[in-house]
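> Sharing a structure, written as structure tokens. Questions coming.
The values are calculated or read from the model by the stated rules, or taken from the named source; none is laboratory data. None of these values were measured; they are calculated from a predicted model. All Cβ positions, even for glycine, are placed from backbone atoms using ideal geometry, and neighbour counts span all protein chains on display. When the accessible area is computed, the model is the full protein with side chains, heavy atoms only, and any ligands, DNA or RNA have been set aside. Shrake-Rupley method; radii C 1.70, N 1.55, O 1.52, S 1.80 Å.
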Amino acid sequence: MNNSMLLLVLALLVLLVAVGGKRGLSIFMSLILNSLVLMISVILMAGGFSPVWVAAVAGLLILAATIFLTNSDINVAGPAFVSAIIVMLGLLVLVLVVVIHSHAAGFGAEDSEDLEGMELLIGVRFQQIMIAASLLSTLGAIAEAAIAVAAGINELDVERDHAGIVRMGREIIGTAINTLFFGFFGGFAGLFIWFSQLKYPLWEVFNNKIFVAELLTVLFSVVAVVLTVPVTTWVVGRRARAGRAQKG
């Protein structure tokens, strides 16, 4: 780790503790744990384990660390975790189908200079790596949306304030989609400039492997956020009804 990166990590820790106190420290610990899980996942994939299964297990661990370490209210964290698992498993099926039929896995022509002299026969199918990467990249959006919805609904009456819940869900979806879009554009501004300067026709851009792979990742995250809102609402509502039934 170079000095600049170490300085940024320390600055992040100080700011989290200064602003969030013990909660900020818990958030920092969740980042450390998630980083370790991701590093171990990469080692296991490189060691011959199925990338899809490794990503699924790692996803459960990452969701647990993200949700339970960043939120101490079990009435929020519990339903958020359950709904996040449901969405992740459903999204895994969608990712499998789309990635297999998109033929976007692997490297594009623009990667040729960087790959010269490298060995591509690494013993792992690039299609499975793309499936794993696509799934793991959606976890942050899923966890964030699940916590936001669960926390918001706990402040409302699930049975009576339906309009308020719908309005809240729409606002969360709108904010998340904008965040994902601008993150995608900012991360790949260089690629867009490449396309523009080399006068790529529009059809070639939309058939470019690099562009399609990254766009699919963003779309998976958008779908995950959209699914998380109704699933979390259903989980929280079902939990609230079960609680009232037990008291009655």
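> Note down all Cβ pairs under 7 Å where the first residue falls in the range 24-46 and is closer than 22 Å to residue 127 by Cβ and of a type in the set (Gly, Ala, Ser), the second is part of a helix (DSSP H, G or I) and at pLDDT 90 or above, and they're at least six residues apart or on different chains.
41/54; 41/55; 41/58
> Looking at 129, 100, 67 in this structure, which one is part of a helix (DSSP H, G or I) and modelled with pLDDT of 90 or more? It would help to see each step written out before you state the result.
Numbers: 129 fails: modelled with pLDDT of 90 or more; 100 fails: modelled with pLDDT of 90 or more.
After ruling out the rest, the residue left standing is 67.
> Also, I was wondering about something else. Which of the following residues is closer than 30 Å to residue 74 by Cβ and either crowded, with 19+ Cβ neighbours inside 10 Å or under 15 Å from the mean Cα position of the chain (by Cα) (or both): 169, 174? It would help to see each step written out before you state the result.
Working: 174 fails: either crowded, with 19+ Cβ neighbours inside 10 Å or under 15 Å from the mean Cα position of the chain (by Cα) (or both).
From the options 169, 174, the qualifying one is 169.
> Just checking, which of 61, 10, 16 is within 16 Å of residue 138 (Cβ to Cβ), surrounded by fewer than 19 Cβ atoms within 10 Å (Cβ to Cβ) and of a type outside the set (Asp, Glu)?
Of the residues listed, the single one that is within 16 Å of residue 138 (Cβ to Cβ), surrounded by fewer than 19 Cβ atoms within 10 Å (Cβ to Cβ) and of a type outside the set (Asp, Glu) is 61.
> Could you identify the single residue in 220, 192 that is under 29 Å from residue 79 (Cβ atoms) and touching a helix residue (DSSP H, G or I) at 6+ places or on another chain (Cβ under 8 Å)? First the steps, then the outcome.
Details: 192 fails: under 29 Å from residue 79 (Cβ atoms).
Every option except 220 fails the conditions.
> Another one. Could you figure out which of (1) at pLDDT 80 or above; (2) surrounded by 14 or more Cβ atoms within 10 Å (Cβ to Cβ) isn't true of residue 107?
(1)
> Identify the residue in the range 71-85 that is open to solvent by 30 Å² or more (accessible area, probe 1.4 Å) and polar (S, T, N, Q) and, among all such residues, is modelled with the lowest pLDDT.
Looking at residues that are open to solvent by 30 Å² or more (accessible area, probe 1.4 Å) and polar (S, T, N, Q), I get 72.
> If you scan the range 203-248, which residues turn out to be closer than 26 Å to residue 174 by Cβ, of a type in the set (Phe, Trp, Tyr) and either modelled with pLDDT under 85 or over 23 Å from the mean Cα position of the chain (by Cα) (or both)?
Answer for the range 203-248, where residues must be closer than 26 Å to residue 174 by Cβ, of a type in the set (Phe, Trp, Tyr) and either modelled with pLDDT under 85 or over 23 Å from the mean Cα position of the chain (by Cα) (or both): 206, 211.
> State all residues of the range 61-86 that are β-branched (Val, Ile, Thr) and within 19 Å of residue 37 (Cβ to Cβ); if no residue qualifies, say none.
In the first step, residues of the range 61-86 are kept if they are β-branched (Val, Ile, Thr); the result is 62, 66-67, 70, 74, 76, 82, 85-86.
Result: 62, 66, 67, 70, 85.
> Of the conditions (1) closer than 17 Å to residue 152 by Cα; (2) in contact with a Ser or Thr (Cβ under 9 Å, 6 or more places away or on another chain), residue 217 fails just one. Which one is it?
Against the list (1) closer than 17 Å to residue 152 by Cα; (2) in contact with a Ser or Thr (Cβ under 9 Å, 6 or more places away or on another chain), residue 217 comes up short only on (1).
> Report yes if some residue within the range 190-204 is open to solvent by 40 Å² or more (accessible area, probe 1.4 Å), more than 30 Å from residue 143 (Cβ to Cβ) and in contact (Cβ under 8 Å) with a residue 60 or more places away in the chain; otherwise report no. Full working, then the answer.
Keep residues of the range 190-204 that are open to solvent by 40 Å² or more (accessible area, probe 1.4 Å), which gives 190, 192-194, 196-204.
Of the ones still in play, those that are also more than 30 Å from residue 143 (Cβ to Cβ) are 193-194, 196-204.
Still in the list and also in contact (Cβ under 8 Å) with a residue 60 or more places away in the chain: 194.
Yes, because at least one residue in the range 190-204 is open to solvent by 40 Å² or more (accessible area, probe 1.4 Å), more than 30 Å from residue 143 (Cβ to Cβ) and in contact (Cβ under 8 Å) with a residue 60 or more places away in the chain.
> Considering only the range 174-181, I want to know if a residue exists there that is touching an Asp or Glu at 6+ places or on another chain (Cβ under 9 Å), in contact (Cβ under 8 Å) with a residue 12 or more places away in the chain and within 28 Å of residue 131 (Cα to Cα).
Checked the range 174-181: at least one residue is touching an Asp or Glu at 6+ places or on another chain (Cβ under 9 Å), in contact (Cβ under 8 Å) with a residue 12 or more places away in the chain and within 28 Å of residue 131 (Cα to Cα).
> Out of all the residues in the range 41-59, which are more than 25 Å from residue 94 (Cα to Cα) and assigned to a helix (DSSP H, G or I)? First the steps, then the outcome.
Here is the first cut: in the range 41-59, the residues more than 25 Å from residue 94 (Cα to Cα) are 43, 47.
Listed by number, the list holds a single entry, 43.
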